[in-house]
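One structure below.
Throughout, read-outs are computed from the coordinates displayed, never taken from laboratory work. In this text the structure is predicted, and so the values were computed from the model without any measurement. All Cβ positions, even for glycine, are placed from backbone atoms using ideal geometry, and neighbour counts span all protein chains on display.
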Amino acid sequence: MGEAYRDGAQIYFEKINKEGGVNGRRIRLITLDDGYDAKRAQVNTKELIEQHQALALFGHMFSNTVFASLPLATAAGVPYVGPYAGNEALYAVPPNHILFMTRASYSAELDALLRHVQAMGLTRVALARYDSPSGAALQKDLEEKLKAIKLAPAGVATMRLNSAQAADAVLKIVKIHPQAIVLGVSGDDAVAFVRQFNQAADKFPVQFFARSLIGGHQLVVRLGSESRGIVISQVAPSPFNGETHISREYQAALKTTNAAGRKLVASYIGLDGYIAAKVMVEGLRRAGPNPSRPALTKALETMHHWDAGDFVVNYDENDHAGSKFVTVTVIGAGGHFIE
């Protein structure tokens, strides 16, 4: 998933570099792999700040690495743009002055999913989440939102991050026979849960719901027809139908990149990264020909209701949330995403 986000961003940076860069300067994206490990994320972040003298930090992946690295960026005054996370703490008002989000919050995604739960008349809602602070935060948010519609979780099961060990969680959820399951796990962990649940439950009727971080493309590739029917909230427009300007722009950039020998495929997470890169570039443009970390921070705060191409990003001194865009998709026949 990290590679897909990085690739989406990189094709935009490459596009800008081919056009002459930003204020005559080329963009260099230095990528270090933390393996979603918090300690490695801290080491990598220090390296980027101190050794590489990075003008900004971009695209940290998932909550644990974001919360491990963000304090280092804050202490150094380095703009921290477009992390792939959506915890409510990242949207605080007043905001962390160096943090600029480019995607809607997890809570906003959960709101959108629960509207569909209600519309489908489902009342027995279970949760599969990580045994982590972010997993506990998801459970609390779900409990509060269900309480508001006079419901409560039918059951909760936990998994360890990056373990792909779903047996215990599956067994616990199967026993309560839910009508709906909110998947608060992602990547290989989500693949393992769905596959093992379908086997253990002998496919009794259940509807899966998930937020965008689950990695919809990976579900389709790994699960095949078993992914059909999973409902996923998305924080970027469709990268497939070309109904928005940003989607058409992304598709064109992807085509150019692949013509040079790459084999990238369109995805929501790729477009998410592309949008974040476009926000970064606009901030750099506004920061002038000799940007500094403070100048870039101030420049980003001038992006009031900025249109990235039928996708609005809004920052000011008191709000760094960026986007409120959320849509809901379902995986259909052939692995196609239907809005």
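List, in the order given, every pair from Lys145/Lys324; Lys150/Lys175; Lys39/Lys147; Lys18/Lys39 whose Cα-Cα distance in the structure shown is over 29 Å.
Listed pairs above 29 Å: Lys39/Lys147; Lys18/Lys39.
With a ≥ b ≥ c the root eigenvalues of the C-alpha gyration tensor of region 243-339, is it rounded (a/c under 1.5), prolate (a/b larger than b/c) or oblate?
In terms of gyration-tensor shape, oblate.
Hey, what's the per residue convex hull volume over the C-alpha atoms of the chain, in cubic angstrom?
Spread over its residues, the Cα hull of the chain gives 128 Å³ apiece.
Going by how many other Cβ atoms sit within 10 Å of their own, how do His304, His177, His217 line up, fewest first?
His304, His177, His217
Between Arg160 and Leu32, how many nm apart are label points set 7 Å from Cα along the C-beta direction?
Placing both labels 7 Å beyond Cα along the Cβ direction yields 2.6 nm.
Take the alpha carbon gyration tensor of region 107-234, find the square roots of its eigenvalues, order them as a ≥ b ≥ c, and report rounded if a/c is under 1.5; if not, report prolate when a/b exceeds b/c, else oblate.
Rounded shape, in that the Cα axes give a/c under 1.5.
Once you order the gyration tensor axes a ≥ b ≥ c over the Cα atoms, which shape class does region 2-48 get: rounded for a/c under 1.5, otherwise prolate or oblate by comparing a/b with b/c?
Oblate shape, in that a/c is at least 1.5 and b/c is the bigger or equal ratio.
Can you tell me the Rg and Dmax of region 282-339, counting just the alpha carbons, in angstroms?
That works out to 16.5, 51 Å for Rg and Dmax.
Expressed as a fraction of 2.2 N^0.38 Å, the rule-of-thumb size for a compact globular protein of N residues, what is the C-alpha radius of gyration of region 63-149?
Computed over Cα atoms of region 63-149, the ratio equals 1.27.
Loop only by DSSP, 16 or fewer other Cβ within 10 Å of the Cβ. Give me the GluC sites (Glu not before Pro) in region 214-313 that pass, ordered by residue number.
Of the GluC sites (Glu not before Pro), the ones in loops of region 214-313 whose Cβ has at most 16 other Cβ atoms within 10 Å are Glu243.
Just to verify a number: FRET efficiency for Lys324 and Ala89, C-beta to C-beta distance, R0 = 22 Å, to 0.05?
The calculated FRET efficiency here is 0.80.
By per-residue mean of other Cβ atoms within 10 Å, what is the highest-first order of 60-67, 159-166?
Listed from highest to lowest mean packing, they are 60-67, 159-166.
For Met61, list long-range residues whose amide hydrogen, built 1.01 Å from N in the peptide plane, is under 5 Å from its own amide hydrogen.
Tyr84
In Å and on Cα atoms, what radius of gyration and Dmax does region 80-127 show?
Expressed in Å, the Cα Rg and Dmax of region 80-127 come to 14.3, 42.
With everything on Cα atoms, drop me the angle between helix 245-259 and the longest principal axis of the chain, reported from 0 to 90° to the nearest 10.
80
For the chain, what does -39500 (n - 2.57) per DSSP helix run (n ≥ 4), summed and divided by total residues, give at 222 nm, in deg cm²/dmol to the nearest 500?
-13500 deg cm²/dmol
What list of ³J(HN,Hα) couplings, whole Hz, do you get for region 35-44 from phi and the Karplus terms 6.51, -1.76, 1.60, once you set θ to phi - 60° and write x for glycine and proline?
My calculation for region 35-44 gives x, 6, 9, 4, 5, 5, 4, 5, 4, 5 Hz in order.
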